[in-house]
Amino acid sequence: MKTKSKFAGMVMLLLVFALSACSGGSNGTNGGTASSNPDASKPSQEASTGSDQKEPVTIDFMGHGNPNEKKIFEKLIASFEEKYPHVTVKYTSVPPGEYSQKMTTLISSGKVPDVFYVGGPEFYRFAEAGTLLNIQSYLDQTSLFNPDNVWKQAMDRYRFDGSKVGEGDLYGLPKDVGPWAFVYNKDLFDNAGVSYPSAKAGEWTWDDMLEAAQKLTVDNNGDGKPEQYGVGAYSLESAVWGNGGEYIDYATGTVKVNEPAFYEAMQFVADLNLKFKVSPNQEAEQAMNAYTRFINGQLGMFAMGPWDQPAFWELPFAWDIAAWPASPNTGQTATWLGSMGFAVSAKSKHPQEAFDLAAFLSLDEQGQRENYQLGQAVPNLINMAEGEFKEMDKGPQTRQVFLDIIQDYGRPNVIAFSKDTQWMDTFNQNASKVWNGEMSAKDFTAQIQPKMQELYDKGNK
Amino acid sequence: MGTKLGGYRRRELAWLYLFVAPPVLGFLLFGLVPILFSIYISFHKWDMLSDPQWAGLANYKDLLGDEKVYKSMYNTIYLMIGIPIGMVLSMLLAILMNRKFTGISFMRTIYYLPVISPIIAVSLLWQWILNQDYGLLNNFLWETFGIAGPNWLGKPEWVKPSLILIGLWSGIGGNMVLYLAGLQSISSTYYEAAEIDGAGAWHKLTRITIPLLTPIHFFVVVMGIIGAFQSFSQIYVLAVDGGPEYSGATVVYYIFQHAFQYFNMGYASAVAWVLGILIFVVTLIQFKLSNRWVYQD
């Protein structure tokens, strides 16, 4: 049955192509022009809904994610197909680890899905190679979309001006925004008689955090391996940026890890274990990672993204999120704000429908609602995030923190603006020398900076 | 020759080519073409998205100055320590298994089992066994000997020994079977003659068994070295991102990273070719040396 209908669909498609090829001169054909020059192709003049005389169209859509995410998207796609009866969506979900490989292979063999996920370095590589459709003109015409109601911080990730990411026309729409938040176990704080971290940025500093962590670190049997730690997997990005440091200055392409603001912050994070013993060391981390410790109620402070909510809802203890501790040197705090996006292939034969799908998945109210209710993300729509999302009665209580990160102190991941990530990988591969105390952060960063610079220049300039 | 083939013979030949064609075509299409293409691409920069750009010898030059190439090469050669250890163990095992007692085929099966177990599943099991805090191995060491075991997969200096250990466990069975075959092809007349001359067990082992097994030794060494140069899967599972301080990454893992994480296909191809030539040269040397020590009757 299924193959039969597929076959019928293909025959129909062929007929449609034959017909549209004959009707030359009409204004908005979806065929060849789009693939040869995506920038020049204008969206079709017809309204996206309403007319029943539509040619049936099949859109390939590829993404990745956990089973939850897959279920949500299957639902979303079903409601899209209801709204656009002439469009059939073929949805493929691959394991996240294989996604980048699979996508690149598909692109190089010319079988790009019409709509697909892009994020960070991939977006840069794909946009630069001309794989992605410039959707600016489609956006300007759609009625689905009010740009003022979508997080600018998320949209800007998908701008590309021909050489740089972050500026220029839009080549993608956000699938989500992922504020990396500071989470703490309220029960442990209560038991130790420590007051909660503040949800307001700048009020709670590294020193406060350290003091709390010291009270929360417990070694009952005295074997030198605490059963309960104060803080785990403390974000180096947060420390560095909060301290006024930078990994890199993307404007000039200079790696800046060897500057004091950077290595001081790195030393602080390393000392949480080395000097103060309030954080698991590398070996302990490898034996049981901070996530497991937190879930087990053996870790006072940790980090989470919105996608961790479903798992955390099951926890037997109370928890909440707070602002990341601020650097006492600057009084500032920061963290990273992740994002994944939807892009449309420059070679799509049906750019209008593909765009409609991407916009629907990104911005449809019902879809966004379902998504946040299942604890997958913060809504892309600002009024929804600030309204019903914030009022939601499931943890974390202080949902404003997520919104603060998006609006105020969240920053793109370090590698979001570089297409080749070897320079950061080399840093991470060797940073254990600092984490295990073999080298000071100052010496290490001085030693690694030239290597990182060389790799960055080679891969990105 | 000039002799004309008869119709029957010609038809026979046609059938022959027809039957031979699928594997040959398969090799040409999926073996030779990619191999030749990788030579071409190793002189280019190619990210798989845009067209390859001519780079001349740049990839090969970069490779010479790339410390990670040397590091991963060092790791790869380090892992070869496992080959002689594995040879001794699997030969001893084969000698033990080369007798007749009830349950012998059961025993042989047990030792062969790791060879047919899927490597990814096995690696995941080992990851659990080698865990520092709650792994089986360290618990055993602690409870039996009172030794606090190291962080096998977490410390740069322990990653490679761990990998060798796993390699031994999964490789011994295969070599054992080879040695068994070798043992069984040794004629018992040698041993009988030696016994008459008054040779003990030790002399029989060192003067008859081991020398007559040299063709097997040779095969095991050659295959072992080629296999070690190509090791990848265990590394991929057990040493995430090359392991701590890149201490577990092999050359093939490095090639994989460049090809499918950084999408530097040109560079990956260049490293792959250098590796390929290296394997070829090493194997050639082994063959040249073999007539000095391999006993052929």
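The values are calculated or read from the model by the stated rules, or taken from the named source; none is laboratory data. If you're wondering where the values come from, they're calculated on a predicted model, not measured in any experiment. Don't worry about glycine lacking a Cβ; one is built from the backbone with ideal geometry, like all the others, and counts go over all protein chains shown.
Some points to look at:
- Where a residue in the range B:229-252 is assigned by TED's automatic domain parsing to the domain that holds B:V159 and its partner, wherever it lies, is of a type in the set (K, R) and in a loop (DSSP other than H, G, I, E, B), with Cβ under 9 Å and at least six apart: B:P244/B:K155; B:S247/B:K155
- Residue that is farthest from B:N264 (Cα to Cα) [pool: residues in the range B:69-108 that are touching a helix residue (DSSP H, G or I) at 6+ places or on another chain (Cβ under 6 Å) and within 14 Å of chain A (Cβ to nearest Cβ)]: B:K71
- Evaluation of B:L153 against (1) at pLDDT 90 or above; (2) within 14 Å of chain A (Cβ to nearest Cβ) (one fails), failing number: (1)
- Residue under evaluation B:A201, criteria (1) surrounded by fewer than 16 Cβ atoms within 10 Å (Cβ to Cβ); (2) in contact with a strand residue (DSSP E or B) (Cβ under 9 Å, 6 or more places away or on another chain), criterion not met: (2)
For (1) touching a strand residue (DSSP E or B) at 6+ places or on another chain (Cβ under 6 Å); (2) farther than 21 Å from A:M304 by Cβ, each residue gets a yes or a no:
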{"residue": "A:D190", "(1), (2)": "no, no"}
{"residue": "A:Y196", "(1), (2)": "no, no"}
{"residue": "A:D207", "(1), (2)": "no, yes"}
{"residue": "A:T217", "(1), (2)": "yes, no"}
{"residue": "A:V231", "(1), (2)": "yes, no"}
{"residue": "A:T252", "(1), (2)": "no, yes"}
{"residue": "A:D271", "(1), (2)": "no, yes"}
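- Residue check for B:S117: among the polar types (S, T, N, Q), more than 22 Å from B:P215 (Cα to Cα) and either without any contact (Cβ under 8 Å) to a residue 24 or more places away in the chain or crowded, with 18+ Cβ neighbours inside 10 Å (or both): no
- From the list A:G232, A:G193, A:G253, A:G244, the one residue that fits, being within 29 Å of A:Q397 (Cβ to Cβ) and in contact (Cβ under 8 Å) with a residue 40 or more places away in the chain, is A:G232.
- Residue list for the range A:382-416, filter: more than 21 Å from A:S362 (Cα to Cα), aliphatic (A, V, I, L, M) and buried (at least 20 other Cβ atoms within 10 Å of the Cβ): A:V401, A:V414
- Qualifying residue in the range A:156-176 (condition: free of Cβ contacts under 8 Å to residues at least 40 places away in the same chain, of a type in the set (S, T, Y) and exposed (fewer than 14 other Cβ atoms within 10 Å of the Cβ)): yes
- Elements of the type helices (runs of 4 or more DSSP H) sitting completely within the range B:121-200 and holding at least 2 residues that are within 23 Å of B:G248 (Cβ to Cβ): these cover B:136-145, B:156-184.
- Top-ranked residue in the range B:22-52 [being more than 12 Å from every other protein chain (Cβ to nearest Cβ) and touching a strand residue (DSSP E or B) at 6+ places or on another chain (Cβ under 9 Å); ranked as surrounded by the fewest Cβ atoms within 10 Å (Cβ to Cβ)]: B:F43
- Wholly enclosed helices (runs of 4 or more DSSP H) of the range B:54-100 bearing at least 3 residues without any contact (Cβ under 8 Å) to a residue 24 or more places away in the chain and closer than 18 Å to B:H217 by Cβ: B:82-97
- Enumeration of residues in the range A:426-436 that are more than 7 Å from every other protein chain (Cβ to nearest Cβ) and touching a residue at least 12 places away in the same chain (Cβ under 8 Å): A:T426, A:F427, A:A431, A:V434, A:W435, A:N436
- Total residues in the range A:98-154, condition among the β-branched types (V, I, T) and within 14 Å of chain B (Cβ to nearest Cβ): 6
- Considering the range A:415-425, the residues that are in contact with a helix residue (DSSP H, G or I) (Cβ under 6 Å, 6 or more places away or on another chain) and not aromatic (F, W, Y) include one that is farthest from the other protein chains (Cβ to nearest Cβ), namely A:A416.
- Residue match in the range B:23-45 (condition: under 30 Å from B:I277 (Cβ atoms) and of a type in the set (S, T, N, Q)): yes
Here's the yes/no breakdown for (1) out of contact with any Asp or Glu (no Cβ under 6 Å at 6 or more places or on another chain); (2) touching a residue at least 60 places away in the same chain (Cβ under 8 Å); (3) crowded, with 22+ Cβ neighbours inside 10 Å:
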residue: A:S79; (1), (2), (3): yes, yes, no
residue: A:T88; (1), (2), (3): yes, yes, no
residue: A:V94; (1), (2), (3): yes, no, no
residue: A:Y99; (1), (2), (3): yes, no, no
residue: A:G110; (1), (2), (3): yes, yes, no
residue: A:Q136; (1), (2), (3): no, no, no
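- Filtering the range A:112-134 to residues that are surrounded by fewer than 19 Cβ atoms within 10 Å (Cβ to Cβ) and charged (D, E, K, R) leaves only A:E128.
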